[in-house]
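Taking it in order: structure first as structure tokens, then the write-up.
Read-outs: derived from the displayed coordinates by stated rules, not from any lab. The model shown is predicted, which means the values in this text are computed figures rather than measured ones. Glycine also receives a Cβ, built like all others from the backbone with ideal geometry; neighbour counts cover every protein chain displayed.
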Amino acid sequence: MAKVKLAELQAQLITESWEAGENPISELSEKDQTILLGAVPPGGPPTKAEKEASEKAVMAQFNALSATATANPSTFDWRNKGGRNYVTAIKNQGGCGSCVAFGVLSVVESMVRITKNDANYTTDLSEAHLFYCLKGDPNGCSNGWWPTGAYDNVKANGVAKENFFPYVGSQQSCNVGSGWQNQKVQITNYKHVTGLNNIKEWIANKGPVSACFEVFQDFYSYQSGMYRHVTGNSVGWHCVSVIGYNDAGGYWICKNSWGNGWGDNGFFCIKYGQCSFELYGMWGVEGIVDTTWIYGKKILGLWSNSAPLNAWAFIQDEGWKKIANTNRENHLMLLTALIAAKNIGSTPSVHIANGHIDQIYA
């Protein structure tokens, strides 16, 4: 099939709410463009009737919600939650159909920040580890994936930080650095969310979600505005993270994995009901465990008050960390070990889970 011609597309967009332009993705060959689309719907692509029914149902829900008051805010964006940005930087999947890994880990990274209530927290997870090691497919770049498989792996195994297995944008063999388990991020659960209002409620109250949708040729040339399919054939399925929505405009706000040079600095907006965006529902994370070992640092201070099991340790270069208090016996054991380390000036190995000290080895 022939690529969409930009001049012809721009002429058709005069009455539309989005703009098209040349970018690194639109300039790729058709073959290289298609490689980017690595979402594989279970049971094969939906039928035309299923897609039409999904769009009709979504718009009916939207129209019904527009006529009644809901508890959800009318607009929401995790890039500006109380003036803080909980969305991590745009990445580039390169010449590989690894979009599912990016769409899933984008959500997990944001959930780490949200869980810690720290928009500046540095979290960079390894899509290469998830896609090339945990997926277990030697030809992963051309075979694609689906979010449930990715989330199952992050729940069961956790995923390494980027520095243990950097992503390069082309087929890689599994080569994760030793000790990654000591620095991993794991989820305790994830949930499949369906229905327009339920998805918006999840986004506004819990965090971003992953979504998969059908891509048409004109999407490659997206530059800004609210995307709606105008011209071009269906070319495959893609996975992204949804970081917000806008009811006034009737669209989702999404983070893509095609680099900053595509779209609106890597982001895009898409009209509700378009491209079967809601057909398969979306997936959100319930519970984050962010673990790390701290080595070679002194315990410089300890603090507690009259509240039960409320004690903190100040670790060199790391700051104050709360001592885990889910179990009284374990809490007192950790506190005793930290006091001893401080008194003799030793540098124990300290394990941190979600900001709490839960293990220590002298």
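Observations on the model:
- Computed magnitude of the charge dipole of the chain (debye, nearest 20; Cβ of K, R +1, Cβ of D, E -1): 1000 debye
- MRE, 222 nm, helices only [DSSP H, n ≥ 4, -39500 (n - 2.57), over the chain, to nearest 500]: -7500 deg cm²/dmol
- Cα centroids of region 222-301 and region 327-343: 43 Å apart.
- Taking every C-alpha pair closer than 8 Å and separated by at least 6 residues, the mean separation divided by the residue count of region 15-172 gives a relative contact order of 28 percent.
- Restraint check, LYS321/LYS342; LYS116/LYS322; LYS81/LYS155, Cα-Cα greater than 18 Å: LYS81/LYS155
- Residues whose amide H falls under 5 Å from that of TYR227, counting only those 5 or more places apart or on a different chain, are CYS269, ILE270, LYS271, with hydrogens built in the peptide plane.
- The lysines within cross-link reach of LYS5, meaning a Cα-to-Cα straight distance under 21 Å and a gap of 8 or more places when in the same chain, are LYS31.
- The angle between the Cα long axis of helix 196-205 and the longest principal axis of the Cα atoms of the chain comes to about 30 degrees, rounded to the nearest 10.
- The chain: relative contact order as a whole-number percent, Cα under 8 Å and 6+ apart: 20 percent
- Cross-link reach is defined here as a Cα-Cα straight distance under 14 Å, omitting same-chain residues fewer than 8 places apart; for LYS255 the aspartates and glutamates meeting it are ASP77, GLU109, ASP264.
- Along the axis of the charge dipole computed for region 6-288 (Cβ charges of +1 for Lys and Arg, -1 for Asp and Glu, origin at the Cα centre), the listed residues PRO46, GLY144, ASN157 are led at the positive end by ASN157.
- Charge tally for TYR245 (other residues, Cβ to Cβ under 12 Å; Lys, Arg +1; Asp, Glu -1): -2.
- In degrees, nearest ten, helix 48-66 long axis to first principal axis of the chain (Cα): 70 degrees
- Between ALA340 and SER304, the contour length at 0.36 nm per residue exceeds the Cα-Cα span by 11.4 nm.
- Summarising the label geometry, the points placed 7 Å from Cα in the beta-carbon direction at GLU27 and ASN246 lie 2.8 nm from one another.
- Size of charge dipole - region 26-139 - debye, nearest 20, with Cβ of Lys, Arg +1 and Asp, Glu -1, no other charges: 360 debye
- Taking N as its residue count, the alpha carbon Rg of region 238-362 over 2.2 N^0.38 Å: 1.65
- Extension gain from LYS116 to ALA57, taking 0.36 nm per residue of separation minus the Cα-Cα distance: 17.6 nm
- Placing pseudo-labels 7 Å out from each Cα toward the beta carbon at LEU65 and VAL289 gives an inter-label distance of 3.3 nm.
- Packing rank of 3-11, 123-131, 281-289, where each peptide gets the mean count of other beta carbons within 10 Å, highest leading: 123-131, 281-289, 3-11
- Residues of region 69-104 falling in the label zone of ASP124, defined by backbone nitrogen less than 15 Å from a point 7 Å along Cα to beta-carbon, are 88-93.
- Label separation (GLU16 vs VAL168): 3.7 nm, computed from points 7 Å beyond Cα along the C-beta direction.
- All other residues whose Cβ lies under 10 angstrom from that of TRP78 are scored, Lys and Arg at +1 and Asp and Glu at -1, for a net of +4.
- Most fluctuating residue given options ALA119, ALA20, ALA341, as computed from a GNM of the chain linking Cα atoms under 10 Å: ALA341
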